[in-house]
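**Q** Sharing a structure below in structure tokens format, with a few things to ask.
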Amino acid sequence: MNIRKLLGGGAAVAVAVTMTALTPITAEAKDWRGWNIHVEDYPVSHGMEAFMAEVNEKTDGALAGEVFHAGVLGSQPDAIEQVRLGIIDFGVFSLGPMGQAVPATNVVSLPFIFKSVPQMYDLMDGAGGEALGKALEEKGIVALGYYDAGARSFYNSIKPVNTPDDVVGMKVRVMNNDLFVGMIESMGGNATPMAFAEVYQSIKTGVVDGAENNPPSYESTSHFEVAKYYSLSQHLIIPECLCMSKKTFDALTPEQQEIVRTAGKNSTDLQRKLWQDREAKSMEIVKAGGVEVNEIADKSAFQAAMAPVYESFLADNPDMQELVDLFRNAD
Ligand code: BDP
């Protein structure tokens with residue numbers, strides 16, 4: 001682990017001086033830090049570890065680093081900024097919170113923008129991912145691949161949600177992005193933006209009634225233990241980005257960049273496979289834990305209730321029309 005990076009600024013100089021005798025500075029300087037919000041046994045975490053291992057192996061150890069799990073390097077919005085600045089070298093970020101830093105990525109936070117997860121893969125591996133990749137790069141982030149985060153659905157501690165009306169008056173935690181506040185308000189609910197790490201306690205103590213997430217996150221955080229109703233609205237399909245700091249990436253040789261890109265692609269393929277298995281396993285775990293799961297076969301009422309989110313997004317961001325159409329009009 002790179003002690004100088006952890007300590008930052010002034011203290012780093014003192015440490016560097018005492019450490020030069022022990023470690024060559026050049027090798028030390030290439031130690032990357034990877035930010036991850038999830039626990040160690042999670043598809044994202046395994047994907048990131050595989051990425052780092054492949055990079056390390058193919059560069060014969062010239063590029064080394066460590067993945068820090070469970071959000072120990074800080075909150076998601078802070079970590080995004082740190083990757084942009086090159087303080088953290090890489091991370092897997094949901095494009096939900098990414099929208100605050102890179103507005104174009106907000107397009108994939110619009111409810112029901114993708115018709116299905118397979119369609120999301122097609123778009124993100126093609127024109128959609130390319131467009132968002134450019135926008136990310138302009139803000140200092142190199143997108144190495146788009147991970148799967150399934151579809152997000154509502155869960156709460158009070159009752160099953162079958163129609164948008166069931167959300168009226170409900171206190172729902174959302175990720176940090178105004179779009180999600182608008183989404184809950186469009187159904188008459190009360191939205192509370194909150195860090196991922198605080199959700200369990202907040203549901204338990206009744207600060208919020210519930211939240212929304214994909215099955216693996218609902219399960220791995222134990223939210224299912226305090227919110228026993230899981231209603232499969234699947235209103236958001238938000239891909240995640242294996243993101244590298246452009247500062248870190250630009251400092252590599254062309255050969256190393258190639259190795260990093262290939263490892264990013266391979267880790268994406270692995271993560272997507274692991275994701276499918278984990279989703280099924282997570283559903284089994286929550287059901288065995290006493291969760292009442294309800295399907296929502298016809299989602300049109302939710303689509304209609306959430307339509308104002310599009311209107312206000314496009315009214316505020318007319319320049320995004322083309323990008324929205326690219327996603328919305330895809331087959
Ligand atoms: C998970 C995402 C993670 C988010 C979290 C959340 O993988 O990046 O931080 O949801 O709801 O599905 O905050």
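**Q** If you scan region 165-177, which residues turn out to be away from the ligand (no atom under 15 Å from the Cβ) and either in a loop (DSSP other than H, G, I, E, B) or under 16 Å from the mean Cα position of the chain (by Cα) (or both)?
**A** The answer is Val168, Gly169, Met170.
**Q** Taking the conditions exactly as written (in contact (Cβ under 8 Å) with a residue 40 or more places away in the chain, touching a His at 6+ places or on another chain (Cβ under 9 Å), within 14 Å of the ligand (Cβ to nearest atom) and not hydroxyl-bearing (Ser, Thr, Tyr)), does Gly99 satisfy them or not?
**A** no
**Q** Could you please let me know if Ile80 is within 16 Å of the ligand (Cβ to nearest atom) and either of a type in the set (S, T, N, Q) or closer than 21 Å to Met175 by Cβ (or both)?
**A** So Ile80 fits the description; yes.
**Q** Please determine whether any residue of region 189-202 is under 19 Å from the mean Cα position of the chain (by Cα), within 15 Å of the ligand (Cβ to nearest atom), assigned to a loop (DSSP other than H, G, I, E, B) and not assigned by TED's automatic domain parsing to the domain that holds Phe93. Working first, answer last.
**A** Taking region 189-202 as the starting set, the residues that turn out to be under 19 Å from the mean Cα position of the chain (by Cα) are 192-200.
Then drop every residue that is not within 15 Å of the ligand (Cβ to nearest atom), which leaves 192-200.
Next, from what is left, pick out any that are assigned to a loop (DSSP other than H, G, I, E, B): 194-195.
With the extra rule that they be not assigned by TED's automatic domain parsing to the domain that holds Phe93, the set shrinks to 194-195.
Yes.
**Q** Continuing with this model, one more query. Find the helices (runs of 4 or more DSSP H) located wholly in region 210-281 whose residues include 1 or more that are within 15 Å of the ligand (Cβ to nearest atom), and list them.
**A** Those helices (runs of 4 or more DSSP H) span 215-220, 223-226.
**Q** Right, another one. For residues in region 30-66 being more than 16 Å from the ligand (Cβ to nearest atom) and part of a strand (DSSP E or B), which is farthest from Gln82 (Cα to Cα)?
**A** Ala64
**Q** Is it the case that Val72 is touching a His at 6+ places or on another chain (Cβ under 9 Å) and either within 15 Å of the ligand (Cβ to nearest atom) or assigned by TED's automatic domain parsing to the domain that holds Val181 (or both)?
**A** The answer is no for Val72.
**Q** Separate question: So is Ile88 among the β-branched types (Val, Ile, Thr) and within 14 Å of the ligand (Cβ to nearest atom) or not?
**A** no
**Q** Just checking, how many residues over region 115-164 are farther than 30 Å from Ile259 by Cβ and away from the ligand (no atom under 15 Å from the Cβ)?
**A** 11
**Q** Evaluate region 114-126: report whether one residue or more is at pLDDT 95 or above, within 20 Å of Asn177 (Cα to Cα) and either of a type in the set (Ser, Thr, Tyr) or more than 14 Å from the chain's Cα centre (by Cα) (or both).
**A** Yes: one or more hits.
**Q** Okay, next question. Evaluate the following for Glu255: is it out of contact with any Ser or Thr (no Cβ under 6 Å at 6 or more places or on another chain) and buried (at least 17 other Cβ atoms within 10 Å of the Cβ)?
**A** It is false that Glu255 is out of contact with any Ser or Thr (no Cβ under 6 Å at 6 or more places or on another chain) and buried (at least 17 other Cβ atoms within 10 Å of the Cβ).
**Q** Within the bounds of region 315-324, is there any residue that is assigned to a loop (DSSP other than H, G, I, E, B), under 30 Å from Ile158 (Cβ atoms) and in contact (Cβ under 8 Å) with a residue 60 or more places away in the chain?
**A** No - not one qualifying residue is present in region 315-324.
**Q** Could we say that Asn214 is within 21 Å of Pro308 (Cβ to Cβ), within 19 Å of the chain's Cα centre (by Cα) and of a type outside the set (A, V, I, L, M, F, W, C) here?
**A** So Asn214 fails the test.
The values are calculated or read from the model by the stated rules, or taken from the named source; none is laboratory data. Please read all numbers here as calculations on a predicted model, not as lab measurements. In this analysis, Cβ positions are derived from the backbone assuming ideal geometry, glycine residues included, and neighbour counts consider all displayed protein chains.
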